[in-house]
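Asker: I am attaching a structure below and will ask some questions about it afterwards.
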Amino acid sequence: MKDIRDNCGVFGIYSNAPCALDIYDGIDFIQHRGQEYCGIATFDGHIRQVTHHGKVVTAFTDKEIQYLTGNWGIGHVSLWERQPMSWQSKLGDISVAFSGNVVNADELIRRMKEKGHAFYRGYNIEIIAKIVMEAEDVVSGLSEVARTIKGAYSLVTLTAEGVYAARDVFGFRPLILGRDEDRYVVCSESRAIQNMDMEVVRDVHPGEIVLINDRGFQSLKQLESPRKAHCAFEWAYTASIDSVIDGLPVQEARNNLGASLAQRDIEEGATGFDIVAPVPMSGIGHALGYHRRSGITYQEVFLYNRYADRSYTQSTQRARERMAKRKLSVLSSAARGKRIVLCDDSIVRGTQILNKVRELKKAGAKEVHVRIACPPLLYPCDFGVSTRSSEELAARHFFKTGDIGSLQKQRELEAWIAKEIGADSVKYNSISSFVKALGIPKNSLCLKCFDGVDPLL
Ligand code: SF4
């Protein structure tokens, strides 16, 4: 529903049986992290690879799954590009897939071209793979990736020895290990592990390099981590609600964020609402948290059309709006005559929440009070979640320069946004209430899209 592009998702497995179908299942369970491209690579003495433009369940054929022989392999889903990418190198056949963003990509490509490297399209994954393949071994290569690359990555590397998994030293993007009697896996989100009836073992630590093979998980190296910077947006929007990211269940986080919004209304004496409703799907956890804290009846006011594509995959704004309309239709009888608290995770451009408020009012809602789990989005993301440019962020139209600064400024912004989208009121969680609701120390989080503070500096 958002004008936010998700990140990519990675999956890796070592099994005692052919693994292609497991990879297929694994990347299907993380499809929400990227819906344009998908790919699988397996190892059976050589790398076999198939990538597609499209979604996992519609893209892969039985014949392709049969072609992908071997007991270990990796998979990827993406909005941007086909991965994994595979090479023949002095380290042997190698295939790499990653989730994140290389901030200093242009500079690295320029330097590498000067050294004689050629690039297919200058993708981030090419930079990472070339750094790895220049090294004496994969662990040295992955250590060099951590030293050279500025940015965020969780990656899987397929080799003859097994699957290497690595996470950048800040731990921006999630990466988690799982197992059962026959299989060891690593994945961007725990939901794949849980839904494949496996045991979640632990998160890969920021800066850790793990090898997954017939000996299970081996932590081969722990690079120094200057600080953690877990993407706060994972809990509010990006991750699936049934995942656990760095020890914090996404559902619990969203409930707490909604409860925090309710608490503020209670403290400010904002009462008299009839129902609390989510903007599906990502607003559901927030609305439930609001409901539990306030005691106000939880009532759906939109019907979610599971057959419509996510709106951001459409290429034009008009197409996105049409798709958004197809995706959520108003339940008029639930909305009519009601004072509604409408919960959502964030406001990006503001066009979609404007349309939702308008549709509810058209359906006869008496009042619509918008409650937003995230603090105002004021800065674009450099670390793999595309909130694009500052100019496209609705809050930035109000605060042309500088950050939001104070709660007073936030109140002014809320009044302005409410007027812009035709709501009776708008309230966001402040940065401090957002962090408190997550229960993770502020200096272990990336909050750059809210406060502009770059964790890399
Ligand atoms: S800038 Fe925002 S979306 Fe990007 S990693 Fe940081 S918290 Fe996540």
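The values are calculated or read from the model by the stated rules, or taken from the named source; none is laboratory data. This is a predicted model, so every value here is computed, not measured. With ideal geometry, Cβ positions are generated from the backbone for all residues, glycine too; neighbour counts draw on all protein chains shown.
Asker: Identify the residue in the stretch 321-335 that is outside any helix (DSSP H, G or I) and of a type in the set (A, V, I, L, M, F, W, C) and, among all such residues, is nearest to the chain's Cα centre (by Cα).
Answerer: LEU328
Asker: Out of all the residues in the stretch 170-186, which are more than 14 Å from the ligand (Cβ to nearest atom) and of a type in the set (D, E, K, R)?
Answerer: ARG179, ASP180, GLU181, ASP182, ARG183
Asker: Restricting attention to the stretch 411-439, which residues are aliphatic (A, V, I, L, M) and either more than 12 Å from the ligand (Cβ to nearest atom) or out of contact with any Leu (no Cβ under 8 Å at 6 or more places or on another chain) (or both)?
Answerer: LEU413, ALA415, ILE417, ALA418, ILE421, ALA423, VAL426, ALA437
Asker: Quick one: what pairs do we get from the stretch 442-457, first residue more than 7 Å from the ligand (Cβ to nearest atom), second among the acidic types (Asp, Glu), C-beta under 8 Å, 6+ apart or different chains?
Answerer: Taking only residues 6 or more apart or on different chains, the pairs are ASP451/ASP403; GLY452/ASP403; ASP454/ASP382.
Asker: Go through the stretch 32-48 and count every residue that is surrounded by fewer than 20 Cβ atoms within 10 Å (Cβ to Cβ) and at pLDDT 95 or above.
Answerer: Going through the stretch 32-48 one residue at a time, the tally reaches 3.
Asker: All but one of (1) at pLDDT 95 or above; (2) among the aromatic types (Phe, Trp, Tyr); (3) within 16 Å of the ligand (Cβ to nearest atom) hold for TYR312; which doesn't?
Answerer: With respect to (1) at pLDDT 95 or above; (2) among the aromatic types (Phe, Trp, Tyr); (3) within 16 Å of the ligand (Cβ to nearest atom), TYR312 is out only on (1).
Asker: Of these, TRP72, TRP80, which one is hydrophobic (A, V, I, L, M, F, W, C), crowded, with 19+ Cβ neighbours inside 10 Å, touching a residue at least 12 places away in the same chain (Cβ under 8 Å) and assigned by TED's automatic domain parsing to the domain that holds PHE172?
Answerer: TRP72 is the lone residue from the list that is hydrophobic (A, V, I, L, M, F, W, C), crowded, with 19+ Cβ neighbours inside 10 Å, touching a residue at least 12 places away in the same chain (Cβ under 8 Å) and assigned by TED's automatic domain parsing to the domain that holds PHE172.
Asker: On to the next question. Can ARG306 be described as assigned by TED's automatic domain parsing to the domain that holds SER425 and modelled with pLDDT under 75?
Answerer: In short, no.
Asker: Let me ask another. May I ask you to say which residue of TYR164, TYR153, TYR123 is modelled with pLDDT under 95, outside the structural domain of LEU445 (by TED's automatic domain parsing) and surrounded by 17 or more Cβ atoms within 10 Å (Cβ to Cβ)?
Answerer: It is TYR123.
Asker: Among the residues of the stretch 269-277, is there at least one that is away from the ligand (no atom under 16 Å from the Cβ), in a helix (DSSP H, G or I) and buried (at least 19 other Cβ atoms within 10 Å of the Cβ)?
Answerer: no
Asker: Could you say whether any residue in the stretch 14-29 is assigned to a loop (DSSP other than H, G, I, E, B) and closer than 18 Å to VAL132 by Cα?
Answerer: No, every residue in the stretch 14-29 fails to be assigned to a loop (DSSP other than H, G, I, E, B) and closer than 18 Å to VAL132 by Cα.
Asker: Which count do you get for residues in the stretch 349-382 that are surrounded by 23 or more Cβ atoms within 10 Å (Cβ to Cβ) and within 16 Å of the ligand (Cβ to nearest atom)?
Answerer: 6
Asker: Which residues, taken from the stretch 235-252, are assigned to a helix (DSSP H, G or I), touching a Lys or Arg at 6+ places or on another chain (Cβ under 8 Å) and of a type outside the set (Phe, Trp, Tyr)?
Answerer: Residues satisfying the conditions are ALA236, THR238.
Asker: Something else: From (1) in contact with a helix residue (DSSP H, G or I) (Cβ under 9 Å, 6 or more places away or on another chain); (2) in the same structural domain as SER154 (by TED's automatic domain parsing); (3) crowded, with 19+ Cβ neighbours inside 10 Å, pick out the condition that doesn't hold for PRO206.
Answerer: (1)
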